[in-house]
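Student: Submitted below is the structure of interest, expressed as structure tokens.
The values are calculated or read from the model by the stated rules, or taken from the named source; none is laboratory data. All values reported here derive from a predicted model rather than from experimental measurement. Note: ideal-geometry Cβ built from the backbone for every residue, glycine included; neighbour counts use all protein chains shown.
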Amino acid sequence: MSLAVATLIPGLILFALGALLLIGGASTGPLLKALPRSFAATLVLFGGAACWFLSNVLDLTAADFGDYKRILFGVFGLVALLAFKFAPDFLAVRGLAGLILLGASPLLSAAYMRYEVPSRLFMVTAVYVAIALALYLGAAPFRLRDFLQWLFVRPTRVRVAGGLATGYGLLLVVVALTYGT
């Protein structure tokens, strides 16, 4: 993946999320508040994270327990399926955290050792903040519910959060477009 694409992806995600908060405002509150316990979001987010992780397991080399990849695939696949049955609360948040952690690797790899491009640090900073949030929310997923409750108490909070996300997303998009020149 090129550095421009790796910068454009988080930029567009942040821009879209910020625009959703800015344009939708309070009307997006019920939709976002329902996300942590939504079964549909769980299927998409946790299912997507599980599939992505399991595909990584199938790509293991001999140095990374690749000789046991079928056993590992079976064990981790079973754990993912059993999570739907025995740990369904906030599984969508854990799936989102998993997708963020899995997606961070190719983004950071695109910026690795690219010291001649100091503007890459805008993307790298956003990715590391997302990693920290993903680790925190993966361990305490109910905190996303609490944050969303707090966010939608006052419309000003929604506008500020939307403005910050939109602004930083726009910055990343502009930075991504400058790499080609």
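Student: Condition check: assigned to a helix (DSSP H, G or I), free of Cβ contacts under 8 Å to residues at least 24 places away in the same chain and not basic (Lys, Arg). Does Val44 satisfy that?
Tutor: When the stated conditions are applied, Val44 does not pass them.
Student: Sticking with this structure for a sec: Of the residues that sit in the range 57-83 and are in contact with a Leu (Cβ under 7 Å, 6 or more places away or on another chain) and assigned to a helix (DSSP H, G or I), which one is farthest from Phe39 (Cα to Cα)?
Tutor: Applying the filter and picking the extreme gives Gly66.
Student: Here's a check for you: in the range 151-169, which residue that is surrounded by 13 or more Cβ atoms within 10 Å (Cβ to Cβ) and of a type in the set (Ser, Thr, Tyr) is farthest from Ala19 (Cα to Cα)?
Tutor: Tyr168
Student: Here is a further query. So the check is Cβ under 7 Å with 6+ separation or different chains; which pairs have a first residue in the range 65-86 that's at positive phi and a second one that's of a type in the set (A, V, I, L, M, F, W, C)?
Tutor: Every condition considered, the pairs that remain are Phe65/Leu72.
Student: Given the structure, is Ala111 surrounded by 16 or more Cβ atoms within 10 Å (Cβ to Cβ), more than 29 Å from Tyr179 (Cα to Cα) and either at pLDDT 95 or above or touching a helix residue (DSSP H, G or I) at 6+ places or on another chain (Cβ under 8 Å) (or both)?
Tutor: It is false that Ala111 is surrounded by 16 or more Cβ atoms within 10 Å (Cβ to Cβ), more than 29 Å from Tyr179 (Cα to Cα) and either at pLDDT 95 or above or touching a helix residue (DSSP H, G or I) at 6+ places or on another chain (Cβ under 8 Å) (or both).
Student: If only one of Phe53, Phe65, Phe39 is under 22 Å from Gly98 (Cα atoms), touching a Phe, Trp or Tyr at 6+ places or on another chain (Cβ under 8 Å) and of a type in the set (A, V, I, L, M, F, W, C), which one is it?
Tutor: Values: Phe65 fails: touching a Phe, Trp or Tyr at 6+ places or on another chain (Cβ under 8 Å); Phe39 fails: touching a Phe, Trp or Tyr at 6+ places or on another chain (Cβ under 8 Å).
Testing whether each residue is under 22 Å from Gly98 (Cα atoms), touching a Phe, Trp or Tyr at 6+ places or on another chain (Cβ under 8 Å) and of a type in the set (A, V, I, L, M, F, W, C) leaves just Phe53.
Student: Exactly one condition in (1) without any contact (Cβ under 8 Å) to a residue 24 or more places away in the chain; (2) over 24 Å from Arg94 (Cα atoms); (3) crowded, with 18+ Cβ neighbours inside 10 Å is false for Val124; which is it?
Tutor: (2)
Student: Filter the range 44-101 for residues that are surrounded by fewer than 14 Cβ atoms within 10 Å (Cβ to Cβ) and of a type in the set (Val, Ile, Thr); which is nearest to the chain's Cα centre (by Cα)?
Tutor: Val79
Student: Within the range 1-16, count every residue that is in contact with a Phe, Trp or Tyr (Cβ under 6 Å, 6 or more places away or on another chain) and farther than 17 Å from Pro118 by Cα. Walk me through it before giving the result.
Tutor: Start the filter on the range 1-16 by keeping residues that are in contact with a Phe, Trp or Tyr (Cβ under 6 Å, 6 or more places away or on another chain), which leaves 3-4, 14.
Now drop any that are not farther than 17 Å from Pro118 by Cα, which leaves 14.
Final tally of qualifying residues: 1.
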